[in-house]
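Trainee: My questions will all concern the structure given below.
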Amino acid sequence: MMSESEEHGSLLEKINDKIHDYKKDSSSSSSDSDDDKKKSHKSKNKKKKLFGRMHPLHHVLGGGKAADLVLWRDKHTSGSILAGVTVVWLLFEGIGYHLLTFLCHSLIVFLTVCFVWSNAASFINRSPPQFPDVILSETQCLRIAHVLRKEINEAFLTLQSVASGKDLKTYLKSIGVLWFISIIGSCFSFLTLSYTIFLMAYTLPMLYEKYEDEVDVVGEKALIEIKKQYAVLDEKVLSKIPMLSDKKQH
């Protein structure tokens, strides 16, 4: 009897030891998986963003109502703005409406509706339209003038730097960009080009935010390839130009 009870006790101890070892293995594996998840999450957060961006796209765009519109946070409002701009573009390009005619006709309709409403309000027991007081303060005008003055001065300085012949790389870049814009301008009208730029600026940020990871990977590869091609161009062409080679030696 004693031997049977001892054998039974030793069997129970072995079973308990195996259960304890299994719990240790499962807890260690779960902790390892948690560590792997944390590491993968950190690696995702440490992924390089396009153009070295450190902040979210909404913060880069200003974080205000304009950023909400561009990123389509309110789809109804953003879609209404896009539809309105598209209708205006179709009026000008499809029907052949002119800008001055469009502005005059819009003001005629607006003033007529407001005039009739104001005079008929007393007969139909309705309140007349309330017009907000739109007054530009001196501070706002000075702020706008200050920003415009700064941008215009920077543009003049850039033109002066390019035209002075001191930096050939900047000159070649400027000529290339202007030539590219002239080619695009010859293919489209100014209104169509403006609408295309608006459409891209209004939809691409939303699409980029939606497919951010994929675009970052492709964009990084494209930037690396552009840098390689520029290095080849610099080695074979730009470095052989006397003005640039003299500057590099100095």
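Trainee: Does Ile152 satisfy the condition of being more than 30 Å from Gly94 (Cβ to Cβ), of a type in the set (Val, Ile, Thr) and at pLDDT 90 or above?
Mentor: For Ile152, the condition - more than 30 Å from Gly94 (Cβ to Cβ), of a type in the set (Val, Ile, Thr) and at pLDDT 90 or above - is met.
Trainee: Checking Tyr171 against (1) surrounded by 11 or more Cβ atoms within 10 Å (Cβ to Cβ); (2) within 30 Å of Trp72 (Cβ to Cβ): exactly one of these is not met. Which one?
Mentor: It is condition (2) that Tyr171 fails.
Trainee: Then there is this: Confirm whether Leu207 is under 28 Å from Lys75 (Cβ atoms) and touching a Ser or Thr at 6+ places or on another chain (Cβ under 9 Å).
Mentor: When the stated conditions are applied, Leu207 does not pass them.
Trainee: Residue check, Lys166 against (1) at pLDDT below 85; (2) more than 30 Å from Gly63 (Cα to Cα); (3) part of a helix (DSSP H, G or I); (4) of a type outside the set (Phe, Trp, Tyr), all met but one. Which one?
Mentor: (3)
The values are calculated or read from the model by the stated rules, or taken from the named source; none is laboratory data. Owing to the predicted nature of the structure, the values given are computational and were not obtained by experimental measurement. Because the Cβ atoms are built from the backbone with ideal geometry, glycine has one as well, and the counts that use them run over all protein chains shown.
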